[in-house]
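The structure appears below as structure tokens.
The values are calculated or read from the model by the stated rules, or taken from the named source; none is laboratory data. Bear in mind that the values here come from a model prediction, so they are computed numbers and not experimental data. Using ideal geometry, Cβ is built from the backbone for each residue, glycine included, and neighbour counts are taken over all protein chains shown. With ligands, DNA and RNA removed, areas are computed over all heavy atoms of the protein, side chains included. Shrake-Rupley method; radii C 1.70, N 1.55, O 1.52, S 1.80 Å.
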Amino acid sequence: MAEPPFRLVVIADSTSFTDDVGPKLPGDKALYPNVLAARIEAAMERPVAVNVLARAGTDVREAWRLVAKDRHAQFEVLMCADAVVLGIGSIDHAPAGIPAVVETMIPFLRPEGVRRFVRKNLYGAHPFLVRATGGRFTHTAPGEFARLYDAVLFQVRALARGAAGVTLGPTSHRSRYYGHGHPTLGAREAMQREIAERHGFPFVSAWDIVEPYADRLNPDGIHWPHVAHQEVAEVLADRLIAQLRNEEPRPEPPSF
């Protein structure tokens, strides 16, 4: 019988499916999950099937709902995984001029004219509010992020037992919407790294790789050119392949 394909799972946000032009189809070979899959396939000499679980604006709370509540993600994706990449946190650490709970309520406003009016004016005010507060406030409060990120990593370890794993840190921006600043990034990235490594997941700093290409970002000032996708994938591949070859330890399943 033919050997089953190697199962790579990527839990991420829009950085996993958007380049410097815009969103791409899942099979686009320039996106970092597909570059990563090709590297693993070449290294392990085994076909790779990649599953990307991602949505624009995925935050840690949504990731927690995915791994704790979505039965497909839990039992048909993660439990079959040979390797997992967790690439969330960017929106959580982004400067916020509007509380996340307000943004969450906007789609429920009625009638449609009121909803459009509120959305247009709040989004228009966002960069001014970020600058007025010095960018100190973020989409997700640090304590809440730490609690949920810890829970997500524990759940991934519990479901993808024995799989190789790596975490991808938050990206930053060159965006007017976020006030052209990101003063909390360093501290928040350090916190995320500490939690990931405590769970046995190597941590890859996305912004360290992407920043040299900041003048080539998407017009939104957030999403990466192909060369950045390539370099992110190469670093992720090095960490995963080392685990698959037993050169580095894998995240250990929790004991119950």
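Site pair R147 and R116 shows an inter-label distance of 3.9 nm when each label is modelled 7 Å from Cα along Cα→Cβ. Backbone amide hydrogens, once placed in the peptide plane, bring V84 within less than 5 Å of V9, A164, G165, V166, excluding anything fewer than 5 places away on its chain. Each Lys or Arg adds one and each Asp or Glu subtracts one; over the other residues with Cβ under 14 Å from the Cβ of A73, this totals +2. Highest mean packing comes first when the peptides 14-23, 123-132 are listed by Cβ atoms within 10 Å, giving 14-23, 123-132.
Compared with the alpha-carbon gap, the fully stretched path from C80 to A187 is longer by 35.1 nm at 0.36 nm per residue. Report the residues of the stretch 8-41 in range of a label on R174: point 7 Å along Cα→C-beta, backbone N strictly under 16 Å from it. Residues 19-22 fall inside that zone.
Taking the convex hull of the alpha carbon atoms in the stretch 197-256, what volume per residue do you get, in Å³? If you can, show how the numbers build up before the last one.
Numbers: hull volume 6.3 nm³, N = 60.
Roughly 105 Å³ of hull volume per residue.
Helix 60-69 axis versus longest C-alpha principal axis of the chain: approximately 50°, rounded to the nearest ten.
What ranking do 97-103, 225-231 get when scored by the average of other Cβ atoms within 10 Å per residue, highest first? Can you show the working numbers first?
Values: 97-103: 14.1, 225-231: 19.9.
In descending order of packing, they fall as 225-231, 97-103.
Shown in residue order for the stretch 112-125 are the 3J(HN,Hα) couplings computed by the Karplus curve 6.51 cos²θ - 1.76 cosθ + 1.60 at θ = phi - 60°: 4, x, 5, 4, 5, 4, 5, 4, 4, 6, 5, 5, x, 7 Hz (x for Gly and Pro). Distance between the C-alpha centres of the stretch 1-43 and the stretch 92-154: 29 Å, rounded to the whole angstrom. For the stretch 151-256, the fraction of C-alpha pairs farther apart than 15 angstrom is 67 percent.
Over the stretch 106-242, what percent of the accessible surface lies on carbon and sulfur atoms, probe 1.4 Å? Present the calculation step by step, with values, prior to reporting the outcome.
Numbers: 3680 of 6320 Å².
Heavy-atom surface of the stretch 106-242 belonging to carbon and sulfur, 1.4 Å probe: 58 percent.
Please say if the stretch 87-158 is rounded, prolate or oblate, where rounded means a/c under 1.5 for a ≥ b ≥ c the square roots of the C-alpha gyration tensor eigenvalues, and otherwise the choice is prolate for a/b larger than b/c and oblate otherwise? Mind showing how you got there, number by number?
On the way: a/c = 3.53, a/b = 1.63, b/c = 2.17.
Oblate, since a/c reaches 1.5 and b/c is not below a/b.
Fully extending the segment from R55 to D215, taken as 0.36 nm per residue of separation minus the present Cα-Cα distance, adds 55.1 nm. Calculation over all alpha carbon pairs of the stretch 45-144 in 5 angstrom steps from 0 returns a P(r) of 2, 10, 16, 17, 15, 13, 11, 7, 5, 2, 1, 0 percent.
Roughly speaking, what is the stretch gain from M105 to F128, that is 0.36 nm per residue apart minus the C-alpha to C-alpha distance, in nm to one decimal? Don't jump to the answer; show the numbers that get you there.
Details: separation 23, 0.36 × 23 = 8.28 nm, distance 2.08 nm.
Full extension from M105 to F128 adds 6.2 nm.
Checking the a/c ratio against 1.5 first, then a/b against b/c, what shape does the Cα gyration tensor give for the stretch 7-86? Oblate is the answer for the stretch 7-86, as a/c is 1.5 or above yet b/c matches or exceeds a/b. With θ taken as phi - 60° and the Karplus curve 6.51 cos²θ - 1.76 cosθ + 1.60 applied, the whole-hertz 3J(HN,Hα) list for the stretch 190-201 is 4, 4, 5, 4, 4, 5, 4, 5, 4, 8, x, 9 Hz, x standing for glycine and proline.
Given 25 °C and 0.890 mPa s, how large is the Stokes-Einstein diffusion coefficient of the chain in µm²/s, with Rh as the Kirkwood radius over Cα pairs? The partial results should precede the final answer.
Values: Rh = 18.9 Å.
In µm²/s, the coefficient rounds to 130.
The loop-placed GluC sites (Glu not before Pro) in the stretch 116-212, going by DSSP, include none that has at most 15 neighbouring Cβ atoms within 10 Å of its Cβ. Evaluating 6.51 cos²θ - 1.76 cosθ + 1.60 at θ = phi - 60° for every residue in the stretch 163-178, the Karplus couplings come out as 6, 5, x, 8, 10, 10, x, x, 8, 10, 7, 9, 10, 4, 4, 9 Hz, glycine and proline recorded as x.
Highest mean packing comes first when the peptides 248-255, 59-66, 33-40 are listed by Cβ atoms within 10 Å, giving 33-40, 59-66, 248-255. Taking a straight Cα-Cα cut-off under 28 Å and skipping sequence neighbours fewer than 8 places away in the same chain, the lysines within cross-link reach of K69 are K24.
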